[in-house]
Amino acid sequence: MADYDYDLFTIGAGSGGVRASRVSAAHGAKVAIAEEFRVGGTCVIRGCVPKKMLVYGAHFAEDLEDCQKFGWEIGDAKFDWIKLRDNVLADVDRLEGAYTDTLESHEVDIFKERARITGDHEITLESGKTVTAKHILIATGAHPRMPECQGADLAISSNDAFHLDELPKKIIIAGGGYIANEFAGIFNEFGTKVTIVNRGDQILRGYDESVRDRLLQISMTKGIQFRFNTVFEYIKECPDGGYFVKLSDCEEEHVDLVMFAVGRVPNTKDLGLDSVGVELGDNGEVKVDEFSKTNVDYIYAVGDVTDRVQLTPIAIREGQAFADSVFGDREPYAVDHGCIPSAVFSHPPIASVGMTEGEAKNTLGGVKVYQSDFRPMKNVLAGRNERSLFKMVCDAADDRIVGIHMIAPEAPEMMQAAAIAVKAGLTKADFDATTAIHPTMAEELVLMR
Ligand code: FAD
């Protein structure tokens, strides 16, 4: 057998790459990893983590309003964006350090530079150094898609949103997915006038219609504007600052910022994959089998670059399964991509697991739907006219719960536990048999009619 410098070379130190490298090293493999930007990847550096901190920061706007009905007098509350931004960025630095420590403590060699495949089992680093590896793992993630319209380069993506020197007074956010809706909520709570522009006619495709409609209605009540079936004609720089934006069917308007959140493209460009014949799909994603193996026997890919389910816990699971299967002392196993819970950290948030009502009707035929439409106790006292909605979708044939969908304060926290029940195949009767914890919002889960 040929001698290689490493048993495994991972390209990309994000959620998937770090987990795969650390676990492979723990199994005894000699591992190296290359990272062209910052260790931790999208989730830690410019995704889930800093975004969630901004969501927390933004939500204080409502808490400060609501607390007055609970007897608190807060006087002249002020918000300092730069303080929040810098505190969040400092925590990102801390996390990058923690991820680096994890790799180093497992004796993974870290190359802080870009890497590409340049031949059979061969990787070349930006510095020109060439190494060989028995296995190569592509864990390069994805980047924001920037649409083609005149002046598109003047717009920011979610990558830039964490570094703004000032908050815009007026922003247009293009997109209808979770990133667009989350940032719309964040900016809106900070007092920015937000318009979401969407090429299609709905937000959050893939989520249950009732919770989508509820978020749309609440977001509009909070002052977020929506323009559907609308595209950008141009973005032009305004000499006095900001931008002139022309949308289809609208007059030109002036805004301080335009942000695109219209999807993410797998990072496969200039990776040298063609030099070894790795097959790509239509969106440029690396095509893999259920064990994350490409058509080239020694090359694997995990996470967003495979465009299966672009979520951190999935990248981590795929990285773990790869490491255990290739270097562990066990039979190869595949990640189960069924019944994945997810959340949208909007204001209020959405959480969902399993089939929507529409999907269940199409797939199963007979379904039973239970619903609870209520105003959370805290909102009642606060005088906040915002209703929550829980929906449970069951297979009419055997009462099995096939989907739960919620929009409510803390919905993602409640959903994590509920998702276990759905994954385990529990029935509505199992939920009915469970005593409520009173008074909570979560009790609605076991009281739905
Ligand atoms: P990444 O984490 O993107 O890591 C890939 C790494 O590879 C990057 O660091 C990149 O710099 C590096 N790289 C690329 N090419 C090369 C090369 N040639 N050489 C060396 N290095 C290279 N998911 C959730 O589950 N929950 C959320 O709330 C959530 N919020 C999000 C919010 C935003 C704004 C965004 C953008 C994403 C969010 N996600 C969320 C998605 C989540 O961040 C990704 O699914 C996850 O990070 C994917 O991990 P990965 O390992 O596949 O790729």
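The values are calculated or read from the model by the stated rules, or taken from the named source; none is laboratory data. Since the model is a prediction, treat every value here as computed from it, not as a measurement. Cβ: placed from backbone, ideal geometry, glycine included. Neighbour counts: every protein chain shown. With ligands, DNA and RNA removed, areas are computed over all heavy atoms of the protein, side chains included. Shrake-Rupley method; radii C 1.70, N 1.55, O 1.52, S 1.80 Å.
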Over the Cα atoms of the range 38-81, each weighted equally, I'd like the Debye log10 I(q)/I(0) at q = 0.34 Å⁻¹, rounded to two decimals. -1.12
Grab the other residues whose beta carbon is less than 13 angstrom from that of M415, score K and R as +1, D and E as -1, and report the net. -2
Enter the per residue convex hull volume of the range 204-350, computed from alpha-carbon coordinates, in Å³ rounded to the nearest integer. 178
Longest to shortest principal axis, alpha-carbon extents of the range 1-89, angstrom: 74, 23, 13
Identify which of K368, K78, K391 has the largest mean-square fluctuation in a Gaussian network model of the chain, with springs joining Cα atoms closer than 10 Å. K78
Based on the Cβ-Cβ distance of M146 and D3, what FRET efficiency does E = 1/(1 + (r/R0)^6) give at R0 = 45 Å, to the nearest 0.05? 0.55
So for the chain, considering every pair of alpha-carbon atoms, how many percent are separated by more than 34 Å? 41
Around I171, what is the net charge, scoring Lys/Arg as +1 and Asp/Glu as -1 over all other residues with Cβ under 11 Å from its Cβ? +2
Any idea of the accessible area per residue across the chain, 1.4 Å probe, to the nearest Å²? 47
Could you state the number of Å between the C-alpha centres of the range 33-91 and the range 358-391? 28
Assigning unit charges at the beta carbon (Lys, Arg +1; Asp, Glu -1) and nothing else, what dipole magnitude in debye, to the nearest 20, does the chain show about its Cα centre? 920
Under a point-charge model restricted to the Cβ atoms of Lys and Arg (+1) and Asp and Glu (-1), what is the dipole moment magnitude of the range 348-446 relative to its Cα centre, in debye to the nearest 20? 220
Largest fluctuation, L426, L54, L204 only, Gaussian network model of the chain with Cα springs under 10 angstrom, belongs to L426
Per the rule of 0.36 nm per residue minus the C-alpha distance, extending V380 to D399 adds in nm 3.5 nm
Please compute, for the alpha-carbon atoms of the range 110-200, the extent along each of the three principal axes and give them in descending order in Å. 53, 30, 25
Mind checking the full-extension length gain between F79 and D249? Use 0.36 nm per residue of separation minus the Cα-Cα distance, one decimal, nm. 57.6 nm
Measuring from label point to label point, each 7 Å out along Cα→Cβ, what is the N87 to D201 span in nm? 4.4
Could I have the simple spin-label model distance between F37 and K423, label points 7 Å from Cα toward Cβ, reported in nm to one decimal? 2.8
Quick calc: nm separation of the 7 Å Cα→Cβ label points for D270 and T130 -> 2.0
Leaving out ligands, DNA and RNA but keeping every protein chain, what accessible area does M441 have, in Å² rounded to the nearest 10, with a 1.4 Å probe? 50
Take the Cβ-Cβ distance between K69 and D240 as r, set R0 to 41 Å, and report the resulting FRET efficiency rounded to the nearest 0.05. 0.45
Using the Cβ atoms and a cut-off under 15 Å, what net charge is assigned to the surroundings of A301, where Lys and Arg are +1 and Asp and Glu are -1? -2
Taking the Cα centre of the range 37-128 as origin, sum charge times position over the Cβ atoms of Lys and Arg (+1) and Asp and Glu (-1), and report the length of that vector in debye to the nearest 20. 260
Specify whether the C-alpha gyration tensor of the range 152-261 places it in the rounded, prolate or oblate class, a ≥ b ≥ c being the square roots of the eigenvalues: rounded for a/c under 1.5, otherwise prolate if a/b is larger than b/c and oblate if not. prolate
Share of accessible surface on carbon and sulfur in the chain, whole %, 1.4 Å probe and ligands ignored, is 49
